[in-house]
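As structure tokens, the structure follows; a few thoughts come after it.
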Amino acid sequence: MHEHEDGDRVGRRAAVRDVKVGEPQGAGDAHTERLLLYGEVIAGPFLLLAMFGGSLVVGLRALAPVEQSRRRQLEFTAGPSYGPPSGWLVVHRISFFA
């Protein structure tokens, strides 16, 4: 070790040899890639259906309060009308009896 300008001890760097990073493995690569491809081809449709089903369930649950409100409004507006008939109904009755 030697002393740095400000008095700290600094170790010398050792030369690094024979380090191979990210080197292909050769024949095992093709086999691994084929296994991954088969796994994706087989599992892909199932995962797609599961995602579609999950999003459908979430969407329907989110829609439930809106649908309930719509039904209540239809029940309220579809009730019997005790007022005078609308213009279209009057014209229809007149043309029916004429």
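Throughout, read-outs are computed from the coordinates displayed, never taken from laboratory work. All values reported here derive from a predicted model rather than from experimental measurement.
Please give the contour-minus-distance gain from Leu37 to Phe52: 0.36 nm per residue of separation, less the Cα-Cα distance, rounded to one decimal in nm.
That pair, Leu37 and Phe52, stretches by 3.2 nm at full extension.
Once fully extended, how much extra length lies between Asp29 and Thr77, figured as 0.36 nm per residue of separation less the alpha-carbon to alpha-carbon distance? Spell out each step's value before the answer.
Working: separation 48, 0.36 × 48 = 17.28 nm, distance 6.87 nm.
Gain on extension, Asp29 to Thr77, equals 10.4 nm.
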